[in-house]
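These notes are about the structure you will find just below.
The values are calculated or read from the model by the stated rules, or taken from the named source; none is laboratory data. Keep in mind that what you see is a predicted model, and the values were worked out from it rather than measured. As a convention, Cβ positions derive from the backbone with ideal geometry for all residues, glycine included, and neighbour counts pool all protein chains shown. Just so you know, the surface numbers come from the protein's heavy atoms only, side chains and all, with ligands and any DNA or RNA stripped out. Shrake-Rupley method; radii C 1.70, N 1.55, O 1.52, S 1.80 Å.
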Amino acid sequence: MRVNQTLRIAVLTIGCLLLASTAAAKPKPLQIDFIDVEGGQATLIVTPSHESVLIDTGWAGGRDADRIVNAAKAAGLKQIDYVLITHFHPDHVGGVADLVQRIPVGTFVDHGNDVEDSDDARVVYKAYEKATEHSKRVHLAPNEGLPLQGIQFQVLTAAGERITDPLPGAGEANPYCGSDVEAKPDASENAQSVGVLITYGKFRFLDLGDLTEKKELELVCPNNLIGTVTLYLTAHHGLAPDNPKALVWALHPQVAIMNNGAHKGANPEAWRIVHDSPGLADLWQLHYAEDGGKDHNVASDLIANLDEKSDGHSITVEAEPDGSFTVVNTRDGLSRKYRAK
Ligand SMILES: [Zn+2]
């Protein structure tokens, strides 16, 4: 009797210990919030250890900074650890001055100085310099990254430069190269974009900012230096000739998100390439593309904002290190879970 009781207690104790260790081993997800800034970018990333990175800040005027702060608060953030500015165009850097008045920022990260010298460009860049003059500001180059716990945050492109060696497991010849007419050089800030790959276990998310065709092709032709990705944010709002087939199809994304506005991006040619990408389970859009018609828009339940007068609905992603992830349209609550490949 006593032996039995001792055994039972031992079994119970081991059971409890096992349960506790399974609970402790369940990793937290990586959260990505594609905030609607109506044809710009503002992507909020919250890591499993609750560190935060905002990629771009949308437009000036306060609307976009309000949306970012709402998303940050909903994620339980009291500050944003890093704000990465992909390049110095007003749909990406415009919201910085509004943002710093609303929430503390740890460090600003960018590619260096603005390469454009038009009057408009100077105004935008000066506003950024002024808004960040009392903040920590660092420049990142390809092969550098951010020191975040539990995830890898790698810079692939910045200031017109790129990684030159393939990432681990990548580097295969790309059969889709050569199918496009030769890409033109781009002297604008777009080609300076900081492009990043964020890896959480087997989950890989690629955000190239507004990188344009020539620089995009350099990453994947003749050999694909990146390899495949799980989630692809369309470059340059889904404009063409950016997002060429040689890039998108070689990346082989499982899901793509188009950060377009009602009248910006989601160009039919680029939309078609992304939509028809082999192996793509779904394309989600931040906006119904008014100029695309029903042949160049996905089903409305996958679109976060249907009307031109948007309420700023976002698309959110929760990713697990095994590569599985869930995408939610915050307008209609549609949620889709994607299995690890
Ligand atoms: Zn842009």
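Taking a straight Cα-Cα cut-off under 17 Å and skipping sequence neighbours fewer than 8 places away in the same chain, the aspartates and glutamates within cross-link reach of K202 are E318, E320, D322.
In straight-distance terms, cross-link reach from K294 covers every one of the aspartates and glutamates whose alpha-carbon lies under 17 Å from its own, apart from those fewer than eight places away in the same chain; here that gives E269, D276, D282, D307, E308. A straight chain from R63 to L167 at 0.36 nm per residue would run longer than the Cα-Cα distance by 33.6 nm. Approximating the spin labels as points 7 Å out from Cα along Cα→Cβ, the V138-to-K337 distance works out to 3.7 nm. Computing FRET efficiency as 1/(1 + (r/R0)^6) for D117 and K309, where r is the C-beta to C-beta distance and R0 is 30 Å, gives about 0.25. The Cα atoms of segment 258-304 define a convex hull whose projected area, averaged across directions, is 2.9 nm².
Take every Cα pair under 8 Å whose residues are at least 6 apart in sequence, average their separation, divide by the length of segment 218-331, and the relative contact order is 19 percent. Average 1/r across all pairs of distinct alpha carbons in segment 69-123, invert it, and you get the Kirkwood radius: 12.5 Å.
Take every pair of alpha-carbon atoms less than 8 Å apart whose residues are at least six positions apart; their mean separation over the length of the chain yields a relative contact order of 14 percent.
Per atom type, the chain shows carbon and sulfur on 54% of its accessible surface, probed at 1.4 Å.
Ellipsoid fit via the Cα gyration tensor, segment 29-186: semi-axes of 27, 21, 15 Å, each the root of five times an eigenvalue, largest first.
Computed across the chain, the Kirkwood radius stands at 20.7 Å (inverse of mean 1/r, all Cα pairs). The alpha-carbon positions of segment 194-341 define a convex hull whose volume is 98 Å³ per residue. Evaluating 6.51 cos²θ - 1.76 cosθ + 1.60 at θ = phi - 60° for every residue in segment 262-272, the Karplus couplings come out as 4, 10, 9, x, 6, 4, x, 5, 5, 4, 5 Hz, glycine and proline recorded as x.
Its DSSP H runs of at least 4 residues, each contributing -39,500 (n - 2.57), put the calculated 222 nm mean residue ellipticity of the chain at -7000 deg cm²/dmol, to the nearest 500. For segment 161-273, the share of alpha carbon pairs falling in successive 5 Å distance bins from zero is 2, 12, 24, 27, 22, 10, 2, 1 percent. The packing ranking of peptides 88-98, 59-69, highest mean first, is 88-98, 59-69, where packing means the average number of other beta carbon atoms within 10 angstrom of each residue.
Quote the relative contact order of segment 137-233 in percent (integer), defining contacts as alpha-carbon pairs under 8 Å separated by 6+ residues. Please report the intermediate quantities before stating the final value.
On the way: 174 pairs, mean separation 30.7, N = 97.
Averaging sequence separation for qualifying contacts and normalising by length gives 32 percent for segment 137-233.
Protein heavy-atom accessible surface, 1.4 Å probe, per residue over the chain: 45 Å².
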